[in-house]
Amino acid sequence: MTSETITAAAAGTWKLGDLTVNRLGFGAMRLTQSGGAFGDGTPGDRGRAVTVLRRAIELGVDHIDTAAFYFSPLRSANELINRALAPYPDDLVIATKVWPGRDPSGKWWWATPEQLRGQVEENLRQLGRDHLDVVNLRIPPGRAAGSIAEHFGALAELRQAGLVRHLGLSNATPAHLAEARSIAPVVCVQNPYGIGLRPGELVGPLACAEQGIAFVPFFAIAGTGREAGAGGADSEEVLAVARAHRATAARVRLAWTLGQGPNVLAIPGTGDPDHLADNVAAGALRLSREELARLDAAHRSGT
């Protein structure tokens, strides 16, 4: 590593409860496969995935987002993390998600409140840990207007039991966040967000900032491509800013996302070491007021 290498520390830090992390983290979803939408691609190269994870740590990444349901034929994100990084660095924070699950064939299912303990324990086994740093309750689309009290209450009990250190929400509306906070502390909200991808009825970065909560956007690079990844041409607004900084469009997208507030924690995922370095470098990209305004316009127009 040279003195010119940009590390995740360039993005600054924020806290997940009592855990301080660099604002530029890593998402593990894309480690398990090559190409295709999530769950549809061919198995990724195991050695390359291990290399990417170890390189992420070398580059200062201390916040990894994963899930037990991140797997493809022959590959499990949690087990790759365990193989690559155990024994874990003392400052590494690993966040995972529960409520959805997948059976060995890949078919999705949704846990009852009583089944959440089993999902937490499965994450613990795969990661080789005795507790989880952060567990996010991933709310199903069909529960947008419903209560999450039973499920979040079950996680709060696991927190009291010491299996979980901190709790968060994913795909959460303001009502979900208020209901959860009445049960137990919430340290983060994970919602889809990026240039052209607006939160709609879901909680956004500003609402989290007002409550001192970390906002962890996913699809910050993929945008409207979501699970399938970035696709199609970037808008001229994004490309113009990228040209001005001699940077990739992905780096510009991440820099804009981080610029939405000091409480924003980006978790871009990749199985490519070069893409990893480029993503981490987004933490050092400073956009001018004019560039931010141009990208804000692209965001409002959906591009």
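Some observations on this one:
- Filter result for THR20 (exposed (fewer than 15 other Cβ atoms within 10 Å of the Cβ) and among the β-branched types (Val, Ile, Thr)): yes
- Within region 47-89, the set of residues being among the aliphatic types (A, V, I, L, M) and assigned to a helix (DSSP H, G or I) comprises ALA49, VAL50, VAL52, LEU53, ALA56, ILE57, ALA77, LEU80, ILE81, ALA84, LEU85.
- Enumeration of residues in region 98-112 that are surrounded by 15 or more Cβ atoms within 10 Å (Cβ to Cβ) and either closer than 20 Å to VAL164 by Cα or hydroxyl-bearing (Ser, Thr, Tyr) (or both): VAL98, TRP99, PRO100, GLY101, ALA111
- Under the condition of being in contact with a Lys or Arg (Cβ under 6 Å, 6 or more places away or on another chain) and more than 21 Å from LEU59 (Cβ to Cβ), the residues counted in region 256-303 number 0.
- Residues satisfying the stated conditions in region 92-134, i.e. within 25 Å of ARG23 (Cβ to Cβ), assigned to a loop (DSSP other than H, G, I, E, B) and in contact (Cβ under 8 Å) with a residue 40 or more places away in the chain: ARG129
- Members of region 41-76 found to be surrounded by fewer than 24 Cβ atoms within 10 Å (Cβ to Cβ) and of a type in the set (Ser, Thr, Tyr), listed by number: THR42, THR51, SER72, SER76
Matching residues to (1) surrounded by 18 or more Cβ atoms within 10 Å (Cβ to Cβ); (2) closer than 14 Å to ARG23 by Cα; (3) at pLDDT 95 or above:
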site: ILE221; (1), (2), (3): yes, no, no
site: ASP234; (1), (2), (3): yes, no, no
site: ALA242; (1), (2), (3): yes, no, yes
site: VAL252; (1), (2), (3): yes, no, yes
site: VAL264; (1), (2), (3): yes, yes, yes
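The values are calculated or read from the model by the stated rules, or taken from the named source; none is laboratory data. As the structure is a computational prediction, the values presented were derived from the model and not from experiment. When we count neighbours, we look across all protein chains shown, and the Cβ atoms used for this are built from the backbone with ideal geometry, even at glycine.
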